[in-house]
Structures are given as structure tokens and as C-alpha cells.
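Written below as C-alpha cells is the structure these notes are about.
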Amino acid sequence: MRTIDKIYIDGEFVTPHGEELFELHNPTTASVIGTVRLGDVEDTRRAIAAAKRAFVVSSKTTVAERIDLLNRLHAAVAAREEDIAEAMREEYGAPGYFRSFSAPYAASAFANAAQVLENYSFTRRIGQAEVVMEPVGVAALITPWNSNAGFICSKFATALAAGCTVVVKPSEMSASQTEVVLEAIHAAGLPKGLFNLVNGRGDVVGDELTRSRDIAKISFTGSTVVGKSIMRNAADTLKRVTLELGGKSPTLILPGADLEKAIPLAVQVGFNNSGQACIAGTRILVHEDRLEEFNRLAKAAVEAVKVGDPRDPEVRVGPMVSQKQWERVQRYIRLGSEGGATLLAGGEGKPEGLDGYFVKPTLFTHVTNDMAIAREEIFGPVLSIIGYRDEAEAIAIANDTEYGLQAMVIGADHQHSVEVASQLQAGRVQINGSYLEPQAPFGGFKQSGIGREFGSFGLEAYLESKSLLGAFAV
């Protein structure tokens, strides 16, 4: 049992004023592994005040100074890569393949932000005006439990690049990841008040951040329901808001696709991070002429997916993060069967021999796009196969969703796949593969969010433009 009883304010580890203890679980074993002491409103106000004081200096730093800080942070976080990976495994059961990408990504976020700064112009001339991009102010960064270390680092890196100071409210469920990242950031030796962090509940710490007049910017990653609440709270003070929310991503398999290649890719993106990923491609669209063949091959592929202890490098699906999430996924599996879908693989209950919060990798077919399992974000390893008659219908089904975070198109003709991808309503569309471009914007259409992260698009979400009219007038 371990106790995490410190938050970070004004460059120091401090004991929270709040006294509530939150239990931390290992979902692989369903056992309690420790507690985290949660901050309260008083702690949050102290953190905001520290960030506000520090902003006076940070807003005037040069690009060179910010790049230096980002490089120091990159080195400090990279030195803790193995510890981040171990925290991810222990506290939410992230499989090894996902840890191998996500753990180093936390450090790379700082290097990526430094690269953006090297090529970004904060001052530009437009006619007789000089347009200056200035940091928006103190930013509140609210992050989720799944790959929390990466979210903290990527949001902080961008805010720092802009010249903002921050207060971070991570998920209380990810306190181990948070602790490792916090120690690394402290080791980088930042100016006091530049980075502040308060562990706490959303309805306490998060609520104070979203309502405070001294917070100018909110960046939130999490559920659409919570995102809407944050937007309502932020409206009174007209905060700038970036929301990266839920998804129900389609994987559109075109008629001529090679199924021997398409199915492993579709299963991979559908079960990404054990299905606990907002970008997971959980709706698989298949032409009705190939549906029988696809069902047979996809059933075999899903049944071959190894589920179990994330210490096993062959495991592709680990546990759900909590008992509550396990029960949520079970409810959706029941809804799928009751709603008329055909169960091809998996189903209710735990896989044989596993006692943690494990779900059987599940595959439904004969799903229609009006079913709950096709419309609502499940956040677990549950995939739905939806048939279509022609390309126009496939595109219509793919776009018939409240969400629009990511999509995928798989086809034999690459150029045609690109043409289809251009018609999908999503912030990112993967074409014939799974790719990462850290400088390209990331964010959602519709109820998958507002605004963009990463690259220059993400940087400008933390900046305000000021026009000095007549600056070049003769």
C-alpha cells in the first residue's frame, strides 16, 4: 500500500488542505494498492494564485527561453520513461504494445512543442497593421486517466510554448502516473508557479478551475457529458475552451479491400488501449456482398486476441479501469444482444481464469446504426459490424453519428480511399494504415469537441491576436 499525499504549488510539493482519501486500484487484480489525498477549493485557489503571479514573468519570456525550458523538460521526462510505463500498467492495465508508444510520447511532447516554436512567427505584418500573438493567460489543464502522463505533458508543453502558466487537474484515478510526471517536471527546475498541480475531484477542483475569473483558458480531455458541463461553467467568464471529447469512430472497409490485411488493422484500431480510447474504431462498415466472408474472418481474428495480465507482451486487451467501467461494458453487451445484433465472439462475463476487471473481446454483426452499441461510446473492447449497399450509403452511415473525432478508410485503390476519406466528418481520418503526425491538428467535429491540439494549431489555442493598426503607416 502506498500513499500519495502531496500536490504541487509554486514550485514546491505541499500537503493538501483537503483531507479526503481516494482509493487506488490495480484493475488486473481488482485489489487496492494505495490512496491519494485529494485537494479542495482552497488548494485550487492557491494554485491559481501562484500561476497568476508567475504569468507576469512567463508571458514576457523569449522564444529561446521557452525552447530551453522545453528541452530540459524533455530530458527530465524521458529519464522516467520506464516508471511512466510501469505506472500505466499498474493503475489501469495498459497493454505492453500501448505502453511502448505512450510512455515515450510523454517526453516527446516537449520536443514537438519546441519544434513548433522554432518555426512560428509571433509577430507578422498584415497591411499597415502589426499583428502580435500573445499568451492568453493562466490555463487550466484537465486530464483523464487513460494515458494521463501523455495528456499532462502534451497540454503543458503547448501552454508553455505559448507563454502561459498552468494549473493541472489530473484524474484522481491516475495518481501514480501523475506522481512520476510531477517528479520529472520538478527535476527540470522550472521557475516557480509556472506549473501547478492539484489532485482532486472534478466537482470540487475542476469546478473551481472552470469558474475562476483568474483562469483564462481550459483544455479538457474526457467525456462529452463532462465537456458540456465545463463549457457551461466557463461561459460566465468567457474562457477560451479546448475540448477533446468522446468518439464512435467508423472504420470504412471499401469493397475491393484485401480482407487478410484489412481485418487485423480494423481489430487493432478497435481494441486500441483495450478499447479504452476515444479514437477507437468501434464501428466497422462492410459491403453487404462481403459481409459473410468478413464475419467469418473477423470472428476468428477477435477470438485470437489475447486478453489478460498486461505484463504479458502478447496481451492485446487488458482490464477495464474499474469495476464501474466493467459493469458499463457488460450492460452494452447485453444491449447489443437484446437489440437484435448477432453475437459473433465474446459476450458477457469475464474470460476464463481472470479475476480482475476483464472483458471478453466482443464482436457483433448485423448491427444497424440506430442501435445503442452503434451510437453510444462504450469505452471497452466491443466492436460492431454494419453492412452497407453502396459507397454513398457507407459514407452516410459513417457520418450518421453525434461524434466526429477519428475515422479510417481501408481500400485497394489508395487514391480512391483518399477521396472517400475527404467526405468523412472527422477531425482525423486514417487511410490504409495507422499513422501519427504530431504536428498535425488533433480534435473533433460535432460532439467530439471544440478546438484543436498539437502543432501550430494547438499553440494558437493558447494565444490571443492583437492588431496594432497603423504600426507601419507613413
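The values are calculated or read from the model by the stated rules, or taken from the named source; none is laboratory data. This structure is a prediction, so every number in the text was calculated from the model and none was measured. Cβ coordinates were reconstructed from backbone atoms using ideal geometry, including for glycine residues, and neighbour counts include every protein chain displayed.
Odds and ends about this structure:
- Any hit, segment 246-256, residues being buried (at least 24 other Cβ atoms within 10 Å of the Cβ), β-branched (Val, Ile, Thr) and in contact (Cβ under 8 Å) with a residue 60 or more places away in the chain: yes
- Sub-6 Å Cβ pairs linking a first residue in segment 300-311 that is in the same structural domain as Gly275 (by TED's automatic domain parsing) to a second residue that is among the charged types (D, E, K, R) and in a loop (DSSP other than H, G, I, E, B), at least 6 apart or interchain, are Val305/Arg316; Lys306/Glu314; Lys306/Arg316, ordered by first then second residue.
- Answer residue from segment 323-369, given it is more than 22 Å from Glu303 (Cβ to Cβ) and within 26 Å of the chain's Cα centre (by Cα) and is surrounded by the most Cβ atoms within 10 Å (Cβ to Cβ) among those: Gln325
- Among the criteria (1) outside the structural domain of Ala372 (by TED's automatic domain parsing); (2) within 29 Å of Ala85 (Cα to Cα); (3) over 22 Å from the mean Cα position of the chain (by Cα), the one Arg213 does not fulfil is (2).
- Looking only at segment 204-215, and only at residues there that are under 16 Å from Leu141 (Cβ atoms) and aliphatic (A, V, I, L, M), the one that is surrounded by the fewest Cβ atoms within 10 Å (Cβ to Cβ): Ile215
- Options Ala392, Ala473; residue that is surrounded by fewer than 16 Cβ atoms within 10 Å (Cβ to Cβ), part of a helix (DSSP H, G or I) and out of contact with any helix residue (DSSP H, G or I) (no Cβ under 6 Å at 6 or more places or on another chain): Ala392
- The strands (runs of 3 or more DSSP E) located wholly in segment 102-203 that include 2 or more residues which are surrounded by 20 or more Cβ atoms within 10 Å (Cβ to Cβ) occupy 138-143, 165-170, 195-197.
- Residue tally, condition free of Cβ contacts under 8 Å to residues at least 60 places away in the same chain and more than 26 Å from Gly163 (Cα to Cα), over segment 35-73: 1
- Of all the residues in segment 32-48, those that are surrounded by 17 or more Cβ atoms within 10 Å (Cβ to Cβ) and closer than 30 Å to Gly308 by Cβ number 3.
- Checking each residue in segment 409-418 for being without any contact (Cβ under 8 Å) to a residue 24 or more places away in the chain and surrounded by 14 or more Cβ atoms within 10 Å (Cβ to Cβ) picks out only Val418.
- In segment 317-340 there is no residue that is assigned to a loop (DSSP other than H, G, I, E, B) and within 30 Å of Ala412 (Cα to Cα).
- Condition check for Lys248: assigned to a helix (DSSP H, G or I) and modelled with pLDDT of 95 or more: no
- Within segment 456-470, the set of residues being surrounded by 21 or more Cβ atoms within 10 Å (Cβ to Cβ) and either free of Cβ contacts under 8 Å to residues at least 40 places away in the same chain or assigned to a helix (DSSP H, G or I) (or both) comprises Gly458, Leu459.
- Filter result (over 18 Å from Ala139 (Cβ atoms), acidic (Asp, Glu), within 27 Å of the chain's Cα centre (by Cα) and not in a loop (DSSP other than H, G, I, E, B)) within segment 28-73: Asp68
- A single member of Glu377, Glu348 is in the same structural domain as Glu292 (by TED's automatic domain parsing), assigned to a loop (DSSP other than H, G, I, E, B) and under 22 Å from Asp309 (Cβ atoms), and it is Glu348.
- Cβ-Cβ distances below 9 Å connect the following pairs, each with a first residue in segment 16-31 that is buried (at least 21 other Cβ atoms within 10 Å of the Cβ), a second residue that is among the basic types (Lys, Arg), and a separation of six or more residues or different chains: Pro16/Lys6; Pro16/Arg37; Gly18/Arg37; Leu24/Arg2; Thr28/Arg89; Thr28/Arg311.
- Residue in segment 352-359 that is in contact with a helix residue (DSSP H, G or I) (Cβ under 9 Å, 6 or more places away or on another chain) and either assigned to a helix (DSSP H, G or I) or on the phi > 0 side of the Ramachandran plot (or both) present: no
- Only listed residue being of a type in the set (Phe, Trp, Tyr) and under 30 Å from Asn112 (Cβ atoms), chosen from Tyr403, Tyr357: Tyr403
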